[in-house]
Each structure stands twice: as C-alpha cells, then as structure tokens.
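What follows is one structure encoded as structure tokens, with my remarks underneath.
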Amino acid sequence: MTKASPSSPGIAKTRRTFHIIASRFNAQYVDGLIDHVTKELRVLAPHSAILVHRVPGSFEIPVVAREIAIQNKADVIIACGVILQGETDHAQNLSRSVTDALQRIAIERGVPVINVVLSFDNENQARARCLENKINRGTEAARAAVEIANVLSELHNNQGAAVSKPPRENG
C-alpha cells in the first residue's frame, strides 16, 4: 500500500448523493473509516447528502450496493469494511469475493463503487489506515468519490459535444 495520500479534487459546488455501506464487524476500525469519509466529504462536497447503511459484515456489502445502484439513488457508493487475517484462507477468499462483486456492480450498473473493504494482516495496520490521519483510507476514499462524481458529471453534461480524436498515423 502506498503511503502517499491522493491530492484533494477541490470543493464540489454541485449537490451529490453519497451512500456509505459499512460493516458492523471490526466496528472500531470501520467507524474510523466512516468518520474520515464523512468528514472529508463534508469539506469537499458541502452541499451533498451522505447516507450511511450498516450491514452485519463485509460479505453483505455488495447486496446493498447492488440495491442502491439498481434504484439509481447514488452518485457514488462507498463500501467500508475491515477484514483481519486469521489462521485460515477465509479472509483472502472473503476479500476477493467482495472486491469482485463490487466491481461487477459498478460496471454493470454504471455507478462508481469506491472499495474501502480493506484486508489487514494485523490490528496495527488497521489502526494506522483506519483511525490515524497520516494515511487514512477513509479520507482517500472520499477524495476518490468526489473526483469520480465530477468526472462522470462532466461526461454526462458533455454527452452531445464533439469528441476530438487523436491523429492517425500513416502506415
């Protein structure tokens, strides 16, 4: 994981709707992600609606994301969960399953899903990335959410505009 945080996309002037779907499992760390996501969204998109939906665990996040995407009620969905590695492969399998499902929902439904369902080897890693400020993944997720919402809005607003193509090379 990178130690550098992405830069801020600037303050959005448009009203957006952000849905955060968060696991109750490993609540201390997930709550830290939610706090950082909402704090950053309030700064970057002050006129936006932020809705939080709690689910039992990370495995349940995709079904709620899919329902929100089907209802077309979100500009961006932010999925928050923390998976800690145990003694079996369960954490890796869970992480892959959730990641694949979230990506499939985003592509099939055309609604960006910011995946902040994080897998960690230990609680020290979780603490550093979910509770502290230096490399907080919640802050990064909020920045990514605002940026992708801006990009998609720009694409939708310029739908009828001519698109310039790069010159073709001869040969």
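Once the other residues with Cβ under 12 Å from the Cβ of Ala74 are scored (Lys, Arg +1; Asp, Glu -1), what is the net sum? Write down the numbers at each step before the final one.
Working: positive: Arg16, Arg66, Lys73, Arg109; negative: Glu67, Asp75.
Around Ala74, the surrounding residues sum to +2.
For the range 104-143, just say rounded, prolate or oblate: build the C-alpha gyration tensor, square-root its eigenvalues into a ≥ b ≥ c, call rounded for a/c under 1.5, and beyond that prolate if a/b exceeds b/c, oblate if not. Please report the intermediate quantities before stating the final value.
Working: a/c = 6.04, a/b = 2.00, b/c = 3.02.
Note, shape of the range 104-143 comes out oblate.
Quick one: helix 27-44 against the long Cα principal axis of the chain, what's the angle to the nearest 10°, folded into 0 to 90?
30 degrees
Report, ordered by chain and residue number, the aspartates and glutamates lying within cross-link reach of Lys134, taken as a straight Cα distance under 18 Å and ignoring same-chain residues fewer than 8 apart.
Asp31, Asp35, Glu40, Glu123
Give me the one-decimal nm value for the distance between modelled label points at His53 and Asn124, 7 Å along each residue's Cα-to-Cβ direction.
3.7 nm
Is the C-alpha gyration tensor of the range 29-124 telling us rounded, prolate or oblate? Criteria: a/c under 1.5 is rounded; beyond that, a/b larger than b/c is prolate, otherwise oblate. Walk me through the numbers before you get to the answer.
Working: a/c = 2.45, a/b = 1.32, b/c = 1.86.
Oblate, since a/c reaches 1.5 and b/c is not below a/b.
Could you list the residues of the range 113-130 with an amide nitrogen less than 19 Å from a label point located 7 Å from the Cα of Asp89 in the Cα-to-C-beta direction?
Backbone N within reach: 119-121.
Might you report the magnitude of the Cβ-based charge dipole of the range 31-81 about its Cα centre, with Lys and Arg at +1 and Asp and Glu at -1, to the nearest 20 debye? Don't jump to the answer; show the numbers that get you there.
On the way: 5 positive and 6 negative charges, 20 e Å.
Charge dipole of the range 31-81: 100 debye, to the nearest 20.
Relative contact order for the chain: what percent, with Cα pairs under 8 Å and sequence separation of 6 or more? Could the numbers behind the result be given before it?
Values: 292 pairs, mean separation 48.2, N = 171.
Once normalised by length, the contact order is 28 percent.
Name the residues whose placed amide hydrogens come within less than 5 Å of the amide hydrogen of Ala45, ignoring near sequence neighbours (fewer than 5 apart) on the same chain.
Counting only residues 5 or more places away or on other chains, the set is Ala12.
So what is the 222 nm mean residue ellipticity for the chain from helices alone, if each DSSP H run of at least 4 adds -39500 (n - 2.57) and you divide by all residues, rounding to the nearest 500 deg cm²/dmol? Walk me through the numbers on the way to the answer.
Working: 5 runs with 78 residues, N = 171.
Roughly -15000 deg cm²/dmol at 222 nm, from the helical runs in the chain.
Over the chain, what portion of Cα pair distances is larger than 27 Å, expressed as a whole percent?
Numbers: 4022 of 14535 pairs.
That fraction is 28 percent.
Would you mind checking the tilt of helix 90-109 against the longest principal axis of the Cα atoms of the chain, expressed as 0 to 90 degrees and rounded to 10?
Taking Cα atoms only, the helix is inclined about 20 degrees.
None of the figures in this text is laboratory data; all of them are computed from the coordinates on show. Note that the coordinates shown come from a computational prediction; the quantities given were computed from them, not determined experimentally. Cβ atoms come from the backbone with ideal geometry, glycine included; neighbour counts cover every protein chain shown.
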